[in-house]
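For reference, the structure discussed in these notes is given below.
Coordinate-derived values only; no laboratory data. Values in this document were obtained by computation on a predicted structure and should not be read as measured data. All Cβ positions, glycine included, derive from the backbone under ideal geometry; neighbour counts span all protein chains shown.
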Amino acid sequence: MTHMVRRLLLENPASRFERFRVEYEDGAPPASLDIYEDQSHTILSENDSPDLGFRFSVNPYRGCLHGCAYCYARPSHEYLGFGAGSDFERKLVVKRRAPELLAQAFDKKSWTGELVVFSGNTDCYQPLEKELELTRGCLDVCARYRNPVHVITKSVLVERDIDLLTKLRDEAHASVTLSIPFLDVDTARAIEPYAPPPSRRIEAVRRLAAAGIAVGVNVAPLIPGLNDRAVVPILEAVADAGATTAGIVPLRLPGAVAEVFTERLRDALPLAAEKVLTRVREMRGGKLNDPRFGARMQGSGRYIETVLELFEVTVRRLGLNRRDMTPPRASTFRRPGPQLDLFGG
């Protein structure tokens, strides 16, 4: 396992934006962690994809220390002049002004208090957040403005901010989705090496639910031939822990992600690799990825359709299709100021 991780940290697929590529030889020292500061003047990202159920998101970080081989955000690192492989995991970009920029966005007359999702790209609770507290600062801004939020993460660090999430729940809206694609700890460690183990994520579901936070779980990505048999046990475990909703997204491998995922799979799980890749091609029309809107978050073919049917049946059986994750229709948004403070706002 140590050899596998070292190799993965040193190798990048060729970036479509770079003119030169540097190859590391075996025996090179492990890559160091480099932090860069983002100088953007805005923090809200607007999404117009019909495949996603939200419009606005906040991403305090670019790149991610979790190192998940399947992460669809990897190609976005190439726009920064970095690679989608080890650079994505070890050259991280932080937006230190994120809370300040979010408050500025909320102060604009055009902002009406729509749901904000943390994060639409890389994990807002990756390990850097423990020290930098950028996500917490943004949640604090949302609480002051009573702006509804939804958090998507695979990190148990979200438990730290239960105080802000409960405040938002009471005065606006707050819900959390935990990504749990595996139950087997060894498989999880091979594919998402620096994310918390599955059992700990399930415990996070339990703690959030106990605090009265609406919690959902994404079995994402669904990797045919690798974690499809874990779908039912995962759903049963999270239902027992207090989750109220569940979703599933078949694996998609845009751009350089296909190379990163394939190399990791063949290196860490060689006996399963070709079976998995064959199944992926079966559900993607003979390719490893289908980028079309309406198709990229789905899959086709009898095999994947059978798995998805089993998912739906299990969700209904366990009651994981409740609707308390939906934000309130009436706007709770308020701009803080002397008048609101006077009336307890």
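Find how many whole Å separate the alpha carbon centroid of segment 136-166 from the alpha carbon centroid of segment 237-282.
That distance is 28 Å.
For segment 233-244, take each phi angle, set θ = phi - 60°, evaluate the Karplus expression 6.51 cos²θ - 1.76 cosθ + 1.60, and give the result in whole Hz per residue in order, putting x for glycine and proline.
x, 5, 4, 5, 5, 6, 5, 5, 7, x, 5, 10
Just to check I understand the Karplus step: with θ = phi - 60° and J = 6.51 cos²θ - 1.76 cosθ + 1.60, what whole-Hz values come out for segment 213-219, glycine and proline as x?
8, 5, 10, x, 10, 9, 7
Looking at this model, which pairs from 130/154; 109/130; 108/154; 95/154; 108/130 are more than 22 angstrom apart at the alpha-carbon? Write down the numbers at each step before the final one.
Details: 130/154 14 Å; 109/130 33 Å; 108/154 32 Å; 95/154 20 Å; 108/130 30 Å.
Over 22 Å apart, Cα to Cα: 109/130; 108/154; 108/130.
With θ set to phi - 60° and the Karplus curve 6.51 cos²θ - 1.76 cosθ + 1.60, what are the ³J(HN,Hα) couplings of segment 283-291 in order, to the nearest whole Hz, using x for Gly and Pro?
For segment 283-291, the Karplus curve yields 8, 10, x, x, 10, 8, 8, 10, x Hz.
What is the set of long-range amide H partners of residue 217 at a cut-off below 5 Å, with H atoms built 1.01 Å from backbone N?
Here the answer is 178, 245, 246, 247, since their amide H atoms fall under 5 Å of that of residue 217.
Between residue 207 and residue 110, what length in nm is gained on full extension when 0.36 nm per residue of separation is reduced by their alpha carbon distance? Can you show the working numbers first?
Numbers: separation 97, 0.36 × 97 = 34.92 nm, distance 3.66 nm.
Computed gain between residue 207 and residue 110 is 31.3 nm.
Within segment 180-212, which residues have the backbone N less than 19 Å from the label spot 7 Å out from residue 232 along Cα→beta-carbon, could you tell me?
Counting only backbone N, you get 181-184.
Going Cα to Cα from residue 275, which lysines come in below 16 Å? Please leave out same-chain ones fewer than 8 positions away.
Answer for residue 275, where 16 Å is the Cα cut-off: 287, listed by chain and number.
Hey, can you grab everything whose amide H is under 5 Å from the amide H of residue 151? Only 5+ residues off in sequence or another chain; H modelled, so Pro and N-termini drop out.
118, 175, 176, 177
May I ask you to list the trypsin sites (Lys or Arg not before Pro) in segment 108-188 that are in a DSSP loop and have at most 11 other Cβ atoms within 10 Å of their Cβ? Present the calculation step by step, with values, prior to reporting the outcome.
Details: sites: 108, 109, 130, 136, 144, 146, 154, 160, 167, 169; in loops: 108, 109, 146, 154.
Listed in order of number, the matching sites are 108, 109.
Run the numbers for residue 38 and residue 302: contour at 0.36 nm per residue of separation, minus the present Cα-Cα distance, in nm. Mind showing how you got there, number by number?
Values: separation 264, 0.36 × 264 = 95.04 nm, distance 4.48 nm.
Result: 90.6 nm gained on full extension.
In Å and on Cα atoms, what radius of gyration and Dmax does segment 29-321 show?
Computed over the Cα atoms of segment 29-321, radius of gyration and Dmax are 18.6, 57 Å.
Using a Förster distance of 30 Å, how high is the FRET efficiency between residue 131 and residue 46, based on the Cβ-Cβ distance and rounded to 0.05? Before the final figure, lay out the partial values.
Values: r = 29 Å, r/R0 = 0.97.
Calculated value: 0.55.
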